[in-house]
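Q: Quick one: the structure is below, questions incoming.
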Amino acid sequence: MNAINRLAVVVSLASLLPLSAIAENANPGTVEVLHWWTSGGEAKAVETLKAQVQEDGFIWKDNAVAGGGGAAAMTVLKTRAISGNPPAAAQIKGPDIQEWGALGLLTELDYVSKANHWDSLLPQKVAQIMKYDGHYVAVPVNIHRVNWLWINPQVFDKAGAKVPTTLDELFAAADKLKAAGFIPLAHGGQPWQDSTVFEDLALSILGPKGYHAAFVELDEQTLTGAQMVEVFKTLQRLGTYMDPNRAGRDWNIAAAEVINGKAGMQIMGDWAKSEWTAAGKVAGKDYQCVAFPGTQGSFAYNIDSLAMFKLKDENDIKAQNDLAKVALEPEFQTVFNQNKGSLPVRQDMDMSQFDACTQKSSEDFKEAAKGDGLQPSMAHNMATSLAVQGAIFDVVTNFLNDPSADPATAVKQLSSAIKAAK
Ligand code: GAL
């Protein structure tokens, strides 16, 4: 066959193919993902998702908006949604998923969720959060625990400090670290980090039931009660062990201070582990993770999830469905969570592939789920609307930034700020 005849055969074969298949080859479909996983360790975790989507033949468009806790990412998302140009997927969590669902912007993932049996893979509590009006509109990727304390044991040894299990022991350890010339508590002065410490203290002092009354029920008596005054008092005292130059510092920079042996401890959720892992450190050997003092038996959860927006292009929809499917596959759940520091959200995973901290987290999750111990994190968008959360953040950060602020006044401000935001 000569060249012209060969070409003729190719052209006539092409005319037999449906148009969509030709278009599919020309345009494999793009999935744009808006998230705030930009620290060294977290970026590695995202890479595993991107690699899988690309392996399936789709284009990954990364929309990473720096800023721990995601406030900056949420601002970008709102602006894009208002101008009618939302991404395919965005990191949206907790009750906020319902608000986006009510706007009619999210797509229903019925086909992917049924074909991949999400209802039987996910804990019911998690599935509920991901559904709007009975349909999955978001896919969860992990379960983070917020109430952790991260410890550098070498620094503790040098200072003669003991790993704390109670708040009194926490202050005793902090005193030893301070006396030995270390920063006792690494911290970044950003509202969400301040409130991460605040909610851990609330869980410790009020217990899980009191925590629930305060941050889920927004019960006024609990918010203004003597124990909440105690939470603020203890926060003020803890503030004296934090670096005074902490304003604006990112959480991963604070984590690096503990990793490098400049500071002794950090109060942070287990995404902090992603930094230890990325630095080649081994859980239980190079560092220790313990439940935040006084919160043993409780588990403040923070579930990262990707909510999916309505799209028009058929190929982009295929890419979006692929992302949703991949996110819950066992291989991805393993590598992503090994890098991210979190627990797989699937309940049927082999936990022997995870390190000591994640294994402990998995046991504690199950234990906490038996009683009242499992509580949604306020600081990480799981307990309230973002408006109420913002009101709490303001009060807590203003309080922590003013060493002479009055705890009794703070609880009144807390309650009225929440009322105004509700
Ligand atoms: C949380 C998020 C985590 C982690 C952290 C620090 O809100 O759920 O995955 O990224 O912020 O940015």
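The values are calculated or read from the model by the stated rules, or taken from the named source; none is laboratory data. Every value quoted in this text rests on a predicted model; they were computed, and no experiment measured them. Every residue, glycine as well, gets a Cβ built from its backbone with ideal geometry; the counts of neighbours run over all protein chains shown.
Q: Give ALA278, ALA272 a once-over and let me know the one that is within 14 Å of the ligand (Cβ to nearest atom), surrounded by fewer than 24 Cβ atoms within 10 Å (Cβ to Cβ) and touching a residue at least 40 places away in the same chain (Cβ under 8 Å). Let's see the steps before the verdict.
A: Details: ALA272 fails: surrounded by fewer than 24 Cβ atoms within 10 Å (Cβ to Cβ).
Result: ALA278 is the single residue among ALA278, ALA272 that is within 14 Å of the ligand (Cβ to nearest atom), surrounded by fewer than 24 Cβ atoms within 10 Å (Cβ to Cβ) and touching a residue at least 40 places away in the same chain (Cβ under 8 Å).
Q: Could you go through region 331-350 and let me know if any residue there is of a type in the set (D, E, K, R), farther than 20 Å from ALA45 by Cα and touching a helix residue (DSSP H, G or I) at 6+ places or on another chain (Cβ under 9 Å).
A: Checking region 331-350: at least one residue is of a type in the set (D, E, K, R), farther than 20 Å from ALA45 by Cα and touching a helix residue (DSSP H, G or I) at 6+ places or on another chain (Cβ under 9 Å).
Q: Considering only residues that are among the polar types (S, T, N, Q) and touching a strand residue (DSSP E or B) at 6+ places or on another chain (Cβ under 9 Å), look in region 241-271 and name the one that is modelled with the lowest pLDDT. Show your work before the answer.
A: As a first pass, look at region 241-271 and keep what is among the polar types (S, T, N, Q): 245, 252, 260, 266.
Within this subset, residues satisfying the condition of being touching a strand residue (DSSP E or B) at 6+ places or on another chain (Cβ under 9 Å) are 245, 266.
Numbers: ASN245: 94, GLN266: 99.
Checked region 241-271; the qualifying residue modelled with the lowest pLDDT is ASN245.
Q: Please state which of the following conditions PHE365 fails to meet, knowing it meets all the rest: (1) within 15 Å of the ligand (Cβ to nearest atom); (2) surrounded by fewer than 24 Cβ atoms within 10 Å (Cβ to Cβ).
A: (1)
Q: Out of everything in region 292-318 that is of a type outside the set (Asp, Glu) and out of contact with any helix residue (DSSP H, G or I) (no Cβ under 7 Å at 6 or more places or on another chain), what residue ends up being nearest to the ligand (Cβ to nearest atom)? Spell out the reasoning first.
A: Initial filter on region 292-318 (of a type outside the set (Asp, Glu)): 292-303, 305-312, 315, 317-318.
From what's left, out of contact with any helix residue (DSSP H, G or I) (no Cβ under 7 Å at 6 or more places or on another chain): 296, 301-302, 309-310, 312, 317-318.
On the way: GLN296: 23, TYR301: 10, ASN302: 5, PHE309: 19, LYS310: 24, LYS312: 29, ILE317: 26, LYS318: 27 Å.
Only one residue tops the list, namely ASN302.
Q: Which count do you get for residues in region 330-363 that are at pLDDT below 95 and either touching a strand residue (DSSP E or B) at 6+ places or on another chain (Cβ under 7 Å) or within 19 Å of GLY280 (Cα to Cα) (or both)?
A: 0
Q: Within region 393-406, restricting attention to residues that are in contact (Cβ under 8 Å) with a residue 24 or more places away in the chain and surrounded by fewer than 24 Cβ atoms within 10 Å (Cβ to Cβ), which residue is nearest to the ligand (Cβ to nearest atom)? Reasoning before the result, please.
A: Taking region 393-406 as the starting set, the residues that turn out to be in contact (Cβ under 8 Å) with a residue 24 or more places away in the chain are 393-394, 396-397, 399-401, 403, 405.
Now narrow it down to the ones that are surrounded by fewer than 24 Cβ atoms within 10 Å (Cβ to Cβ): 393-394, 397, 399, 401, 403, 405.
Values: PHE393: 13, ASP394: 18, THR397: 16, PHE399: 21, ASN401: 21, PRO403: 26, ALA405: 26 Å.
Filtering first and then ranking leaves PHE393.
Q: Then there's this: Do you know which of the residues in region 319-345 that are under 28 Å from ASP364 (Cα atoms), crowded, with 19+ Cβ neighbours inside 10 Å and among the polar types (S, T, N, Q) is nearest to the ligand (Cβ to nearest atom)?
A: Only one residue tops the list, namely SER342.
A quick yes/no check of all residues on (1) within 15 Å of the ligand (Cβ to nearest atom); (2) modelled with pLDDT of 95 or more; (3) on the phi < 0 side of the Ramachandran plot; (4) among the basic types (Lys, Arg):
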position: PRO28; (1), (2), (3), (4): no, no, yes, no
position: HIS35; (1), (2), (3), (4): yes, yes, yes, no
position: GLU42; (1), (2), (3), (4): yes, yes, yes, no
position: VAL76; (1), (2), (3), (4): yes, yes, yes, no
position: PRO86; (1), (2), (3), (4): no, yes, yes, no
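Q: May I ask you to say which residue of LEU238, LEU167, LEU201 is touching a residue at least 12 places away in the same chain (Cβ under 8 Å) and within 16 Å of SER377 (Cα to Cα)?
A: Going through LEU238, LEU167, LEU201 in turn, the sole match is LEU201.
Q: Of all strands (runs of 3 or more DSSP E) completely enclosed by region 297-390, which ones contain at least 1 residues that are small (Gly, Ala, Ser) and closer than 26 Å to HIS117 by Cβ? Walk me through how you get there before you give the answer.
A: Details: elements: 299-302, 305-308, 374-376.
In region 297-390, 305-308 are the strands (runs of 3 or more DSSP E) which contain 1 or more residues that are small (Gly, Ala, Ser) and closer than 26 Å to HIS117 by Cβ.
Q: Let me confirm something: among GLY390, GLY373, which residue is in contact (Cβ under 8 Å) with a residue 12 or more places away in the chain and more than 16 Å from the ligand (Cβ to nearest atom)? Give the derivation first.
A: On the way: GLY390 fails: more than 16 Å from the ligand (Cβ to nearest atom).
Criteria check complete, one pass: GLY373.
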